[in-house]
1. Can you find a residue in the stretch 134-151 that is of a type in the set (G, A, S), modelled with pLDDT of 90 or more and surrounded by 10 or more Cβ atoms within 10 Å (Cβ to Cβ)?
2. So is L13 surrounded by 16 or more Cβ atoms within 10 Å (Cβ to Cβ) and more than 30 Å from L155 (Cβ to Cβ) or not?
3. Are any residues in the stretch 50-71 surrounded by fewer than 15 Cβ atoms within 10 Å (Cβ to Cβ), among the polar types (S, T, N, Q) and in contact (Cβ under 8 Å) with a residue 12 or more places away in the chain, and if so, which ones?
4. With the requirement that a residue be closer than 22 Å to I136 by Cβ, part of a strand (DSSP E or B) and not aliphatic (A, V, I, L, M), what does the stretch 25-58 give you?
5. Among the residues that make up the stretch 24-35, is at least one of them closer than 30 Å to G152 by Cβ and among the polar types (S, T, N, Q)?
6. Looking at (1) at negative phi; (2) in contact (Cβ under 8 Å) with a residue 24 or more places away in the chain; (3) of a type outside the set (S, T, Y), find the lone condition where G32 falls short.
7. Consider D117 carefully, then state whether it is modelled with pLDDT of 85 or more, surrounded by fewer than 12 Cβ atoms within 10 Å (Cβ to Cβ) and not aromatic (F, W, Y).
8. Assess whether D22 counts as being acidic (D, E) and assigned to a strand (DSSP E or B).
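The values are calculated or read from the model by the stated rules, or taken from the named source; none is laboratory data. From a predicted model like this one, the values you see are computed outputs, not experimental measurements. Cβ atoms come from the backbone with ideal geometry, glycine included; neighbour counts cover every protein chain shown.
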Amino acid sequence: MRLDLKDIGDSGLSWEFSGEFDDFPLLLDLQGQEEQLFTDRLVFKLHLQKSGQIVEVDGSFATWVALTCGHCLQPFEQRVAGDFTLTFTPLIKDSATDEVEELELDADELGIVYYKDEILDLLQPLQEQVVMALPIAPLCSEGCQGLCLECGCDLNEEPCTCEKKLFDNKFTALAGLKLDRSD
């Protein structure tokens, strides 16, 4: 997924493409760990605009993933989509030593991606956008009740018949205490 700077015209470049998750090494690694199972192709829509040597990329992506609910442990599918903006800028080398200058990044520069030799390598930044959109604690639904902590039954499917242990809070005796605040 490399793009030459000269392919971006004065009016920009709109680019739409789709690919399998195994076209992206980072996503393929996630698939191997069975953290997420991509069940559909990744669809990207990009618009690239060049201003001098800086390229602004406005994009979006969408796909479907199979996940396991963090509350009830049931499998489910969820659409994962996102919008993003990336700024590509040339990598600056010190001409005397031919070494890359180290730059300290501030919060405004975190969306910057460096390129060299007039070639934009889109692979790494695009797969990073997908990974950042994956849910950390997936839920099959907003109202998921999860599993009973005592017997493990799925509370979404049946009510639990376990005896609930009451929490022995020693401070409940103080609940009715009234203090005289006459100063």
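1. yes
2. Working: surrounded by 16 or more Cβ atoms within 10 Å (Cβ to Cβ): no; more than 30 Å from L155 (Cβ to Cβ): yes.
No: the conditions fail for L13.
3. Result: Q53, single match.
4. Once the filter is applied, which keeps residues that are closer than 22 Å to I136 by Cβ, part of a strand (DSSP E or B) and not aliphatic (A, V, I, L, M), the stretch 25-58 yields only F38.
5. Going residue by residue through the stretch 24-35, those that are closer than 30 Å to G152 by Cβ are 30-35.
From what is left, the residues that are among the polar types (S, T, N, Q) are 31, 33.
Scanning the stretch 24-35, I find at least one residue that is closer than 30 Å to G152 by Cβ and among the polar types (S, T, N, Q), so the answer is yes.
6. Failing condition for G32: (2).
7. Here the answer is yes, as D117 does meet what is asked.
8. Criteria not met by D22.
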